[in-house]
Amino acid sequence: MGLKKLAAKVEDYNARLESGKASKIKPSHVEKVLQKLRVKAAELEAEIASAPSADKKDRLEGKLAIARTHIDRAEWLLKELA
């Protein structure tokens, strides 16, 4: 998901928030998820370093790429909420 789609989702969230259909996202919630994502990324990096086969390394690198994308999104959202 690109930043344009993410921005659209934030706008949709804000509309739902104003109409009372959503609860407010607090920066502390995003920070909590961001911390978990960073721990997961570090675990994946360690697993990649010790992976015995190229296939397993490829799968883990794919997961790491996804984790890094989510980290970027969470950091963006945290800036938007501030």
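Some points to look at:
- Number of positions in the stretch 62-72 that are of a type outside the set (A, V, I, L, M), surrounded by 14 or more Cβ atoms within 10 Å (Cβ to Cβ) and either under 16 Å from residue 34 (Cβ atoms) or modelled with pLDDT of 95 or more (or both): 2
- For residue 64, the stated conditions do not hold, so it cannot be described as under 21 Å from residue 82 (Cα atoms) and either in contact with a Ser or Thr (Cβ under 8 Å, 6 or more places away or on another chain) or part of a helix (DSSP H, G or I) (or both).
- Candidates in the stretch 40-58 are the residues that are of a type in the set (Lys, Arg) and surrounded by 15 or more Cβ atoms within 10 Å (Cβ to Cβ); of these, the one that is nearest to residue 28 (Cα to Cα) is 40.
- For the stretch 10-34, a residue qualifies if it is hydrophobic (A, V, I, L, M, F, W, C) and either assigned to a helix (DSSP H, G or I) or within 11 Å of residue 78 (Cα to Cα) (or both), and the qualifying residues are 10, 15, 17, 25, 30, 33, 34.
The values are calculated or read from the model by the stated rules, or taken from the named source; none is laboratory data. It should be emphasised that the depicted structure is a prediction, and the values quoted were computed from it without experimental measurement. Because the Cβ atoms are built from the backbone with ideal geometry, glycine has one as well, and the counts that use them run over all protein chains shown.
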